[in-house]
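Report on the structure given below.
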Amino acid sequence: MDSCNCIEPQWPPDDLLMKYQYISDFFIALAYFSIPLELIYFVKKSAVFPYRWVLVQFGAFIVLCGATHLINLWTFTMHTRTVAMVMTTAKVFTAVVSCATALMLVHIIPDLLSVKTRELFLKNKAAELDREMGLIRTQEETGRHVRMLTHEIRSTLDRHTILKTTLVELGRTLALEECALWMPTRTGLELQLSYTLRQQNPVGYTVPIHLPVINQVFSSSHAVKISPNCPVARIRPAGKYMPGEVVAVRVPLLHLSNFQINDWPELSTKRYALMVLMLPSDSARQWHVHELELVEVVADQVAVALSHAAILEESMRARDLLMEQNVALDLARREAETAIRARNDFLAVMNHEMRTPMHAIIALSSLLQETELTPEQRLMVETILKSSNLLSTLINDVLDLSRLEDGSLQLDLGTFNLFAVFREVLNLIKPIASVKKLHVSLNLAPDLPEYAIGDEKRLMQTILNVVGNAVKFSKEGSISITAIVAKSELLRDSRTPEFFPVPSDNHFYLRVQVKDSGVGISPQDIPKLFTKFAQTQSTATRNSGGSGLGLAICKRFVNLMEGHIWIESDGLGKGCTAIFMVKLGIPERLNEPKLPFMPKVPTNHGPTAFPGLKVLVMDENGVSRMVTKGLLVHLGCDVTMVSSSEECLHVVSHEHKVVFMDVCVPGMDGYEVAIRINEKFTKRHERPIIVALTGNTDKVTKENCMRVGMDGVILKPVSLDKMRSVLTELLEHRVLFEAI
């Protein structure tokens with residue numbers, strides 16, 4: 001049968017099937033080989049996959065399977081059509097599934113890498129949380145120990161307690177084998193072992209402060225690990241053991257060399273103590289970071305506590321020193337007050353006792369001067385009077401200076417005639433100047449007020465002293481006195497920078513200038529002029545005499561009147577200019593009553609005698625009583641003398657016009673006598689004028705006299721001219737209080 005008409009099934013030809021199998025095997029092998037590579041990549045990138053060995057086994061299995069299919073590419077044999085169809089179908093299906101799996105793995109591996117196993121994730125989180133909690137617990141424990149230690153060392157301000165407590169608490173907290181503190185010596189060149197934890201008695205040996213290990217620690221603000229064999233770490237007795245790790249930290253110390261009460265102390269960066277801490281020997285324990293931080297914090301807290309303790313110690317020393325100084329000052333003050341009281345009492349007694357004989361000398365000399373004398377005798381009497389007046393002036397100056405220095409002298413303010421003061425000074429100075437043929441001129445500014453408020457006596461005393469000095473040290477020429485109201489441009493003088501006047505509407509500054517053509521003053525002597533008992537070294541000055549108190553008292557008077565005084569001179573032989581400014585008030589009314597002021601030297605006005613004037617003199621001292629009677633008798637008075645208060649009250653009558661009495665008498669004093677006389681004579685025109693004739697110059701005497709109703713106070717000594725002026729003023733004004 002050459003031909004067959006049967007219908008053949010529609011199968012692919014054999015060679016085509018073989019080709020399909022060949023291609024399928026190739027792709028199956030490619031897929032098998034790619035899957036292990038992807039699994040290896042997954043395992044490498046995944047940090048949480050627990051069963052890596054399974055993946056390795058699975059990868060090996062797949063590689064072997066792929067190798068089988070790869071081998072089939074070279075071992076194709078002819079099979080039946082049915083078998084070939086089955087194998088072809090299976091291989092095609094396997095190739096499709098393998099390729100799909102390989103492609104799917106490529107897509108899902110990144111997603112698998114981002115997904116962690118829940119249990120492993122929780123386990124890792126739990127481990128991390130445990131570590132964090134452990135760190136927090138460690139930090140809390142460290143903080144608690146720091147707070148406890150800080151509280152312990154801050155609870156005291158004793159330096160030794162602070163340091164010992166620090167070592168004990170650090171040793172307990174960190175379980176240290178040894179802990180020590182090295183303190184700098186006084187020289188600052190060595191460190192001395194001062195405190196240890198275990199040893200009861202520190203050995204106290206020293207090491208040089210410039211060792212490299214010490215410099216290393218001092219140069220760092222952190223705890224530094226040091227060798228256990230270095231000098232500062234040898235704080236245990238030698239033994240056969242492996243020393244533990246050692247750290248050292250610096251402790252800043254407060255430097256108090258320039259400590260002052262009102263200033264903060266200076267913290268020196270070059271002064272440190274050294275704290276050394278050692279872990280237990282023969283142990284593998286090491287220092288942890290939190291332990292080192294604890295040591296550093298404690299070192300800072302110790303530095304703060306030590307600074308507070310140092311400040312307290314220094315303040316206590318300063319307080320003790322201040323208390324000692326206060327006690328010494330209080331003792332010195334009491335001694336000074338006692339000395340001042342003793343001096344004042346002495347001066348008061350001596351003043352009174354000296355004025356009584358001076359009263360006799362001056363009074364009798366003035367009486368003797370009125371008699372017929374030979375020129376030689378008159379010269380002797382005038383010399384006695386001059387010397388007596390000089391001694392009287394010296395007594396007044398010493399008393400004034402004493403009051404000025406202890407502050408008991410106060411200004412007696414009142415309204416007075418300023419022009420009259422200058423005229424009085426001129427009248428007092430001209431007779432003395434005329435003897436030396438000196439021309440004295442007075443120039444008062446047109447705008448100078450006629451009346452002012454101030455201490456008339458102290459102002460006149462100042463002007464008289466300054467002008468008197470000009471007369472004393474001038475042999476020829478002239479003396480000019482100029483008084484003006486100081487203008488604002490003259491108030492502040494570059495030569496007087498310490499003088500700060502304050503202008504106002506109710507007062508003015510009086511500027512007085514006294515210029516002479518005398519011997520002058522060398523510039524180096526000018527500062528000495530206002531020192532008490534000081535005199536310049538020029539021959540002319542020494543020959544002129546003087547106590548050296550005049551200008552010293554003037555300066556103090558001027559200071560009391562809120563002014564300033566200074567001297568100008570171009571040198572010896574070129575004259576001198578004295579200038580002072582004082583503060584005076586401007587009176588609101590010019591008719592204020594003013595007690596008559598008693599000048600030092602009487603004027604020539606009034607009667608020269610008082611014939612028939614009945615005067616009663618009461619004085620315990622017989623010499624003084626007789627001298628006063630001699631003055632009054634010479635002036636024509638009818639004098640009755642008594643020596644006691646009782647006798648005075650018995651004798652006094654309305655016929656007596658004036659009663660001179662000493663207030664210091666035994667028994668009933670002069671104040672009580674004055675009260676009794678005022679009670680005895682109720683009508684004023686019948687009552688005699690009561691005047692205290694006393695040697696007491698204290699202000700209390702004047703106040704007491706005015707309080708009991710006396711009409712005046714006259715200070716001993718009294719000359720004939722002064723007694724004449726006193727009687728004239730009393731009979732004219734019925735009142736006369738000599739300034740004290």
Worksheet, complete the sentence: Amide H neighbours of ILE690 at under 5 Å, excluding residues fewer than 5 places away on the same chain, with H built from the backbone geometry, are VAL659, ASP711
Worksheet item: Quick one: length gained pulling ASP320 to LYS436 fully straight, 0.36 nm per residue minus the C-alpha distance?
Response: 35.2 nm
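Excluding ALA445 itself, calculate the net charge of residues whose Cβ lies under 11 Å from the Cβ of ALA445, where each Lys or Arg counts +1 and each Asp or Glu counts -1.
Working: positive: LYS487, ARG511; negative: ASP447.
Residues close to ALA445 contribute a combined charge of +1.
Just want to confirm a number: the relative contact order over region 614-738, from Cα pairs under 8 angstrom separated by 6+ residues, in percent.
Details: 197 pairs, mean separation 27.3, N = 125.
Worked out over region 614-738, it gives 22 percent.
By its C-alpha gyration tensor, with a ≥ b ≥ c as the square roots of the eigenvalues, how is region 614-738 shaped: rounded for a/c under 1.5, else prolate for a/b larger than b/c, else oblate?
Values: a/c = 1.17, a/b = 1.12, b/c = 1.04.
Because its axes are fairly even, with a/c under 1.5, region 614-738 counts as rounded.
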Worksheet item: Quick one: if the Förster radius is 60 Å, what FRET efficiency do HIS685 and ASP570 give, using the C-beta to C-beta distance and rounding to 0.05?
Response: 0.45
Worksheet entry | Net lengthening on full extension, HIS151/LYS125 (0.36 nm per residue, minus Cα-Cα) | 5.6 nm
Worksheet item: Going by the alpha-carbon gyration tensor, a ≥ b ≥ c the square roots of its eigenvalues, is region 269-334 rounded (a/c under 1.5) or, if a/c is not under 1.5, prolate (a/b greater than b/c) versus oblate?
Response: prolate
Worksheet item: What list of ³J(HN,Hα) values in whole Hz, one per residue of region 440-446 in order, does the Karplus curve 6.51 cos²θ - 1.76 cosθ + 1.60 (θ = phi - 60°) give from phi, with Gly and Pro shown as x?
Response: 10, 10, 10, 10, 9, 5, x
Worksheet item: Arranged from highest to lowest average of other beta-carbon atoms within 10 Å per residue, in what order do the peptides 361-370, 463-472 appear?
Response: 463-472, 361-370
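Work out the FRET efficiency for ASP345 and VAL168 from their Cβ-Cβ distance, taking R0 = 45 Å, and round it to the nearest 0.05.
0.10
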Worksheet item: What ³J(HN,Hα) values, in whole Hz, does the Karplus curve 6.51 cos²θ - 1.76 cosθ + 1.60 give for region 221-234 when θ = phi - 60°, with x put for Gly and Pro?
Response: 8, 10, 5, 10, 6, 10, 6, x, 9, 6, x, 6, 8, 8
Response to the item:
Taking Lys and Arg as +1 and Asp and Glu as -1, residues besides ILE226 with C-beta under 13 Å from its C-beta add up to +2
Practice prompt. Give the residue from MET668, VAL627, VAL642 lying farthest towards the positive end of the charge dipole for region 623-672; charges sit on Cβ (+1 for Lys and Arg, -1 for Asp and Glu) and the dipole is referred to the Cα centre.
Written response: VAL627
Discussion item. Show me the ranking of peptides 630-643, 517-530 by mean Cβ neighbours inside 10 Å, starting with the highest.
Written reply: 630-643, 517-530
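As an exercise, use a Förster radius of 30 Å and the Cβ-Cβ distance of ILE136 and HIS222 to find the FRET efficiency, rounded to the nearest 0.05. Walk me through the numbers before you get to the answer.
Working: r = 23 Å, r/R0 = 0.76.
Efficiency for this residue pair is about 0.85.
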Worksheet entry | Sequence ranges 15-28, 281-294, 331-344, 556-569, ranked by mean other-Cβ count within 10 angstrom, highest first | 556-569, 15-28, 281-294, 331-344
Item to complete: Give the accessible area for LYS45 in Å² (nearest 10); use a 1.4 Å probe, count only protein heavy atoms, and leave out ligands, DNA and RNA.
Response: 120 Å²
Worksheet entry | In sequence order, calculated HN-Hα J values of region 563-571 (Karplus, 6.51, -1.76, 1.60; Hz; x Gly/Pro) | x, 8, 9, 8, 10, 10, 7, 8, x
Worksheet item: What residues have an amide H closer than 5 Å to that of THR640, excluding those fewer than 5 places away on the same chain, when H is modeled at 1.01 Å from N in the peptide plane?
Response: VAL615, LEU616, VAL617
Item to complete: Hey, can you grab everything whose amide H is under 5 Å from the amide H of ILE226? Only 5+ residues off in sequence or another chain; H modelled, so Pro and N-termini drop out.
Response: VAL246, VAL247, ALA248
Discussion item. I want to check the label-to-label distance for LEU731 and VAL623. Put each point 7 Å from Cα in the C-beta direction and report it in nm to one decimal.
Written reply: 3.1 nm
Worksheet item: Can you give the extra length, in nm with one decimal, that the chain gains between TYR205 and GLU335 once fully stretched, where that is 0.36 nm per residue apart less the Cα-Cα distance?
Response: 41.6 nm
Discussion item. What aspartates and glutamates does LYS614 reach when the alpha-carbon gap must be under 15 Å and sequence neighbours fewer than 8 apart in one chain are set aside?
Written reply: ASP638, GLU655, GLU686
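The values are calculated or read from the model by the stated rules, or taken from the named source; none is laboratory data. Since the structure is predicted, the reported quantities are computational estimates derived from the model, not experimental observations. Glycine also receives a Cβ, built like all others from the backbone with ideal geometry; neighbour counts cover every protein chain displayed. Calculation scope for accessible area: heavy atoms of the full protein, side chains included, ligands and nucleic acids excluded. Shrake-Rupley method; radii C 1.70, N 1.55, O 1.52, S 1.80 Å.
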